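Asker: Please find one structure pasted underneath; my questions will follow.
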Amino acid sequence: MRPRIARIAGLSGVAAMCLAAALAAPVAANSQVRFTIDDTVQVTHSCGIVESTHIYGRGTASFDGDGTWIGDSIHFTYTGTFTEPATGQTITQVDHQNVSVAAGLVTLRGQGTFLRLGGEGVLLHDVGRLVLDPSDGSTVSATPKVITFDDPDGAAKVEAAICSMFE
């Protein structure tokens with residue numbers, strides 16, 4: 001569920017968390033430090049649907065022989081609950097994604113946003129590999145089914161799919 005509206009706005013936050021985890025404490029040479037990320041983000045979409053997404057990540061920060069940070073590798077699980085406030089109806093989606101931060105780039109692999117409804121089919125399918133520059137969110141490379149952070153229509157595509165969930 002990578003580029004839900006909450007994550008589009010929070011890209012720099014994820015990159016900052018990765019870098020902060022990597023630089024948080026002195027480490028021994030040739031070492032790895034394991035860490036977790038556990039957060040919940042809530043967004044009210046333009047159509048009134050309330051999205052509450054629990055973000056859980058298990059990661060490893062790696063350091064070379066002189067203690068210099070090499071990079072982070074994180075496996076994220078996103079559990080999103082969408083609620084239509086007028087009816088109280090809810091839909092839950094679970095997605096997984098692997099994120100690597102190294103050499104000044106962020107690489108996202110696996111399932112981004114995948115919204116489907118029983119009897120309706122797929123509303124939005126964002127999957128593949130995306131490499132981006134976290135300093136400005138610009139795309140370095142992307143596979144064909146990825147919605148990039150710098151796609152001018154990306155947020156609107158995600159918003160339209162979310163708002164169509166309860167129609």
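Asker: Can you sort Asp39, Asp153 from fewest to most other Cβ atoms within 10 Å of each residue's own Cβ?
Answerer: Asp153, Asp39
Asker: Could you tell me the convex hull volume per residue, in Å³, taken over the Cα atoms of the range 70-167?
Answerer: Enclosed volume per residue, from the Cα hull, is 109 Å³.
Asker: Send over the semi-axes of the range 54-114's equivalent ellipsoid, whole angstrom and largest first, taken as the square roots of 5 times the C-alpha gyration tensor eigenvalues.
Answerer: 34, 10, 8
Asker: Net charge around Ile37, counting only other residues with Cβ within less than 12 Å of its Cβ (Lys, Arg = +1; Asp, Glu = -1)?
Answerer: The answer is -1.
Throughout, read-outs are computed from the coordinates displayed, never taken from laboratory work. Note that the coordinates shown come from a computational prediction; the quantities given were computed from them, not determined experimentally. Neighbour counts run over all protein chains shown; Cβ positions are idealised from the backbone, glycine included.
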